[in-house]
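Notes to accompany the following structure.
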Amino acid sequence: MLSFLITLGIGITVGVLGNFTYQWIRDAYARFAERIDLGGVWGERMLDGTERTYSIGEINYDARRMMWVFDGTNYHDDGTAFCHWKTISSYVDRNAKRYYYIFLNTHVNSMHTGYTGFGFIDLQRQGKAWTPRSGAFAAGNPGETFRSHTMVRIAGRPDNKAAALVGFKEIDGETVSE
């Protein structure tokens, strides 16, 4: 009986160490062979052609929360802010090449109220890196459904209405002169 327990203990230990080693090697390969390049400022253009066509957000890795956060602003087409969103949870699915996020959305005219939404970003391969290509989200705005959008890396987040309008041109691929 004692030899059985010793063999069982050794087997469990070897199994756990083997699984840990496999996971470490798999993660190391994924980090070095196929890098996920989410970081930066991203412009979105909604594909449904309705009001509030543009959003600009920034994706950063938050080491404290150990997740990628995508925070940003959705704008009226005249460059004024409509709402802000903050990521409250996210997950990168390396196999599906997709970034999922849950966000808290607050309207500019009522910053004391908010609602939760869900979104995802599809990734595309560029060299050895996977970067955002397009996505979609569902938010709690009355009368709205899931909205699809493009994603383009842009120079920076706007801090006023004029800068937002310049950002919209950059999202649309127009040349922006200084």
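Each other residue within a Cβ distance under 9 Å of Phe103 adds +1 if Lys or Arg and -1 if Asp or Glu, for a net charge of 0. The length gained by stretching the chain between Glu34 and Arg153 to full extension, at 0.36 nm per residue less their Cα-Cα distance, is 40.9 nm.
Between Val16 and Arg64, the C-beta separation translates, for a Förster distance of 41 Å, into a calculated FRET efficiency of about 0.90. Summing Cβ point charges (Lys, Arg +1; Asp, Glu -1) relative to the Cα centre of the range 36-171 gives a dipole of roughly 500 debye. Between Asn95 and Ala162, the simple spin-label model (points 7 angstrom out along Cα→Cβ) gives 5.2 nm.
With only Cα atoms counted, the chain has Rg and Dmax values of 21.4, 81 Å.
With both labels modelled 7 Å from their Cα along Cα-to-Cβ, the Lys128 to Leu2 distance reads 5.4 nm. Our estimate of slack between Arg52 and Phe118, defined as 0.36 nm per intervening residue step minus the Cα-Cα distance, is 22.0 nm.
Only the coordinates and a few stated rules stand behind these numbers; no lab work does. What you see is a predicted model; the values in this text were computed from it and never measured. Here Cβ is always computed from backbone atoms with ideal geometry, including for glycine, and neighbour counts include all displayed protein chains.
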